[in-house]
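Enquirer: Structure below; questions to follow.
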Amino acid sequence: MVSWSDTRRVDVQLPGGRYPILVGSDLLARLPAALESVGLHPGPVAIVSDSAVAAIHGGAVEAALVSAGFRIATSTRFPPGEATKSFDNLLALFDAFAAASLDRTAPVLALGGGVIGDLSGFAAATFKRGLPFVQIPTTLLAQVDSAVGGKVAVNHAAGKNLIGAFHQPRLVLADITTLGTLPPAERIAGLAEVLKYGVLCDAELFEWITSHAGALRAGESSALQHAVVRSCEIKSAVVAEDERDLGRRAILNLGHTVGHAIENELGYGGIRHGEAVAIGMVAAARIGVALGLTPADVPDRIVAAARSLGLPASVPASIDPASLVASIRQDKKIQAGRLRFIVPTAIGAVEVRDDVTEEQIVAACGS
């Protein structure tokens, strides 16, 4: 009998049902029991991972599943990195699913970071009009953000995540132990999304982050578990209010408008997503000051918090701010040609604004 006494659970409540996020240590070995707890019983499964994660965790995951009576119908591995979220790799997954004769009861297990979750989730959403989907995030960024909420996508030359869908997972299994195998820079990049939650709606979390920056940078398990649980609580509450991103969920894009444009300008893989989001949050706060909405000290507080975590806070000098604006205009959050930004009005509060000018963006992204 599996004990979950050392595991924290966050339930995502949606109109069509709910699913659990399980956060704890050494959870990969308990994956079969977790699957059965959400009605996914022994049978064929498809595993999607990247080669680096699979080399570390793939064998243990497959052994645990097989010992519990599950059958690995197909196991597909891709190179790590944002470039993996491509149409070619999506088609490769469709080919693998078809060759394995997956039916609509066979779950797709995404073992890896946000790239693997996005790619395999979109494949699961569209193959035979939908297969069950399970997120097993192994990066901090995925555990606190991309694995929760049901957004799945692949990239297009014109921008990140332009081709996507909503496909909620049946289960998110966030094993804190896997974070210990990450390069420190990757773990630190994920802290940007934790910081985002503090800036947008939880001043207490923001202060906790600043006082525990050393522990978070060092990868202390208890600090990381608290950060993951609180982040998931915040995101799940927002998603429950607005599953399809038609209203309040927009606030989760804090830092992402400029962040995605930076990623596009540098080429996917030229900067880590979390690093770009940290820079984007600072730019959004500066825009808020220019709009007269934000106290002048807020950008500096975000800069200090980001740097205490080891994150960048300024747009790379190689990027022309005017070119950045052109990339922003390709963003899927643009509505009727108006630039929509999530602007902090204080630490712990934001507004959605569509009256931001290109001149304000250029000024906020300058040195």
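The values are calculated or read from the model by the stated rules, or taken from the named source; none is laboratory data. This structure is a prediction, so every number in the text was calculated from the model and none was measured. For neighbour counting, all protein chains shown are included, and Cβ atoms are generated from backbone atoms with ideal geometry for every residue, glycine included.
Enquirer: Only one of these is more than 17 Å from GLY269 (Cα to Cα) and either crowded, with 24+ Cβ neighbours inside 10 Å or in the same structural domain as LEU14 (by TED's automatic domain parsing) (or both): SER86, SER75. Name it.
Expert: Sole residue among the options that is more than 17 Å from GLY269 (Cα to Cα) and either crowded, with 24+ Cβ neighbours inside 10 Å or in the same structural domain as LEU14 (by TED's automatic domain parsing) (or both): SER75.
Enquirer: Can ILE251 be described as surrounded by fewer than 23 Cβ atoms within 10 Å (Cβ to Cβ), β-branched (Val, Ile, Thr) and either in a loop (DSSP other than H, G, I, E, B) or touching a His at 6+ places or on another chain (Cβ under 9 Å) (or both)? Reasoning before the result, please.
Expert: Numbers: surrounded by fewer than 23 Cβ atoms within 10 Å (Cβ to Cβ): yes; β-branched (Val, Ile, Thr): yes; either in a loop (DSSP other than H, G, I, E, B) or touching a His at 6+ places or on another chain (Cβ under 9 Å) (or both): no.
Criteria not met by ILE251.
Enquirer: Consider VAL154 carefully, then state whether it is in a loop (DSSP other than H, G, I, E, B) and within 26 Å of VAL238 (Cα to Cα).
Expert: Considered against the rule, which asks whether it is in a loop (DSSP other than H, G, I, E, B) and within 26 Å of VAL238 (Cα to Cα), VAL154 comes out as no.
Enquirer: Any residue at all in segment 254-265 that is on the phi < 0 side of the Ramachandran plot, not assigned by TED's automatic domain parsing to the domain that holds GLY159 and not in a helix (DSSP H, G or I)?
Expert: yes
Enquirer: Something else: Give me the helices (runs of 4 or more DSSP H) completely within segment 288-367, filtered to those with at least 3 residues that are small (Gly, Ala, Ser) and farther than 20 Å from PHE206 by Cβ, ordered by residue number.
Expert: 321-328
Enquirer: For segment 20-45, enumerate the residues that are closer than 15 Å to THR177 by Cα and surrounded by 15 or more Cβ atoms within 10 Å (Cβ to Cβ).
Expert: The answer is LEU22, VAL23, GLY24, SER25, LEU27, LEU28, ALA29, ARG30, LEU31.
Enquirer: Let me ask something else about it. Look at VAL48 and say whether it is over 28 Å from SER86 (Cβ atoms), at pLDDT 95 or above and surrounded by 15 or more Cβ atoms within 10 Å (Cβ to Cβ).
Expert: Judged against the criteria, VAL48 is not a match.
Enquirer: Of the residues LEU191, LEU200, which is under 16 Å from HIS226 (Cα atoms) and either surrounded by 23 or more Cβ atoms within 10 Å (Cβ to Cβ) or touching a residue at least 24 places away in the same chain (Cβ under 8 Å) (or both)?
Expert: LEU191
Enquirer: While we're here: Residues that are more than 23 Å from SER25 (Cβ to Cβ) and in contact with a strand residue (DSSP E or B) (Cβ under 9 Å, 6 or more places away or on another chain): does segment 50-63 have at least one?
Expert: Scanning segment 50-63, I find at least one residue that is more than 23 Å from SER25 (Cβ to Cβ) and in contact with a strand residue (DSSP E or B) (Cβ under 9 Å, 6 or more places away or on another chain), so the answer is yes.
Enquirer: Only one of (1) buried (at least 23 other Cβ atoms within 10 Å of the Cβ); (2) more than 30 Å from PRO80 (Cα to Cα) is not met by ILE279, so which one is it?
Expert: (2)
Enquirer: When only residues in segment 237-248 that are part of a loop (DSSP other than H, G, I, E, B) and not hydrophobic (A, V, I, L, M, F, W, C) count, which is nearest to GLN330 (Cα to Cα)?
Expert: Checked segment 237-248; the qualifying residue nearest to GLN330 (Cα to Cα) is ASP245.
Enquirer: Residues of segment 292-316 being of a type in the set (A, V, I, L, M) and surrounded by fewer than 17 Cβ atoms within 10 Å (Cβ to Cβ), which ones?
Expert: Within segment 292-316, ALA296, ALA304 meet the criteria.
Enquirer: Going residue by residue through segment 16-23, is there one that turns out to be under 24 Å from ILE234 (Cα atoms), in the same structural domain as LYS128 (by TED's automatic domain parsing), hydroxyl-bearing (Ser, Thr, Tyr) and in contact (Cβ under 8 Å) with a residue 12 or more places away in the chain?
Expert: yes
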